[in-house]
Amino acid sequence: MTTISFQNVWKEYDGRVVLEKLSLDIAPHAFVALVGPSGCGKTTFLRMLLSEETPTRGRILVDGKELPREPTVDRGVVFQRYSVFPHLTVLENVVLGKEFAGSKFFGALFGEARRKVVEEALALLEEVGLSASLTKYPAQLSGGMQQRLALAQALITRPKILLLDEPFGALDPGIRADIHELMLRLWRETQMTVIMVTHDLSEAFRLGTRVLAFERKENSLLEPERFGATITRDLDVWPPKHAPWNVSAPRKTPKKSS
Ligand SMILES: Nc1ncnc2c1ncn2[C@@H]1O[C@H](COP(=O)(O)OP(=O)(O)OP(=O)(O)O)[C@@H](O)[C@H]1O
């Protein structure tokens, strides 16, 4: 079980404050949804958790230890415009995700080990609805299918922390609802902590156990670069999604008002 702690974290670019005074503890196995206006620093928050960016001030601790300086396979990510490997087929892309995780030196898997990974990849690809496209290349897939592939590639390593930057925004509503179910099932079946950026509030509450809103609290007309965004709302979502009685709760589709 993984705990994440932000201790007075600030992020500035060339003296421009993007994020400020971020202090929060994320409980083990949380599913945190981040919402906020465009440009308020949500992706920057994820990139700091991935070690693609470092805080200008403050500390980020995972299980009580400072984050490693480099990205590691126990932190998976799916970005909105994630590029899978164009020269590999759908199946090869997912298998490669596991091969990266299996060897520090990116060694290929052979024999029984490879057979098991291929089986796992096939099962995951079926869950994301790509079974009929195993031998296709990413350029032959729609944008939505490419995102499902990116998700399968990230999930096959069963990361301890999964970071999602609007991964479902491009999917059509039917597939999106199916992937929501898949995402919740995978999250429940593992100890994974998920942190997801979304612009869709209903998605935030549908998937999240906790919803964080980022916003700039103060603005200065004379010094527009002086203030960054911080957490302005921090809501626990009810009912708790960990509860066994909520696991197969039917989803209610809101009726459109005419
Ligand atoms: N490497 C960088 N160098 C300079 N400025 C950057 C860098 N990365 C991000 N920024 C700036 O930081 C601010 C926050 O960017 P970020 O992408 O984190 O916002 P966001 O909330 O994810 O936006 P959106 O919802 O539109 O995706 C933006 O003004 C952006 O221009």
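The values are calculated or read from the model by the stated rules, or taken from the named source; none is laboratory data. Small disclaimer: the values here were computed from a predicted structure and weren't measured. Here the Cβ is made from the backbone with ideal geometry for all residues, glycine too, and neighbour counts use every protein chain on show.
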| Based on what the data block shows, is ASP25 at positive phi, more than 10 Å from the ligand (Cβ to nearest atom) and of a type outside the set (Val, Ile, Thr)? | no
| said: For the stretch 55-83, which positions are farther than 28 Å from LEU96 by Cα and among the polar types (S, T, N, Q)? | reply: THR56
| request: Please specify each residue of the stretch 1-23 satisfying the condition of being under 29 Å from THR190 (Cβ atoms) and either surrounded by fewer than 15 Cβ atoms within 10 Å (Cβ to Cβ) or among the hydroxyl-bearing types (Ser, Thr, Tyr) (or both). | output: MET1, THR2, THR3, SER5, GLN7, SER23
| Count - residues of the stretch 135-145 that are touching a Leu at 6+ places or on another chain (Cβ under 9 Å) and either surrounded by 19 or more Cβ atoms within 10 Å (Cβ to Cβ) or not β-branched (Val, Ile, Thr) (or both) | 7
| task | Output yes when any residue across the stretch 48-68 is part of a helix (DSSP H, G or I) and within 16 Å of the ligand (Cβ to nearest atom), and no when none is. | result | yes
| Is there any pair with a first residue in the stretch 188-200 that is more than 16 Å from the ligand (Cβ to nearest atom) and a second that is assigned to a helix (DSSP H, G or I) whose Cβ atoms are under 6 Å apart and which are 6 or more apart or on different chains, and what are they? | VAL194/TRP187
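Each row is one residue, and each column tells you yes or no for (1) out of contact with any Phe, Trp or Tyr (no Cβ under 9 Å at 6 or more places or on another chain); (2) surrounded by 19 or more Cβ atoms within 10 Å (Cβ to Cβ); (3) at pLDDT below 95; (4) over 21 Å from ARG47 (Cβ atoms).
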| residue | (1), (2), (3), (4) |
| --- | --- |
| GLN147 | no, yes, yes, no |
| GLN153 | no, yes, yes, no |
| ILE156 | yes, yes, yes, yes |
| MET196 | no, yes, no, no |
| field | Unmet requirement for VAL17, which otherwise passes all of (1) aliphatic (A, V, I, L, M); (2) part of a loop (DSSP other than H, G, I, E, B); (3) over 18 Å from the mean Cα position of the chain (by Cα) | value | (2)
| field | Answer residue from the stretch 179-194, given it is at pLDDT below 85 and of a type in the set (A, V, I, L, M) and is nearest to LEU155 (Cα to Cα) among those | value | LEU186
| request: Test ALA213 against the stated conditions and say whether it is small (Gly, Ala, Ser), in contact (Cβ under 8 Å) with a residue 60 or more places away in the chain and within 29 Å of THR232 (Cβ to Cβ). | output: yes
| query | Before we move on, is THR43 assigned to a loop (DSSP other than H, G, I, E, B) and within 16 Å of the ligand (Cβ to nearest atom)? | reply | no
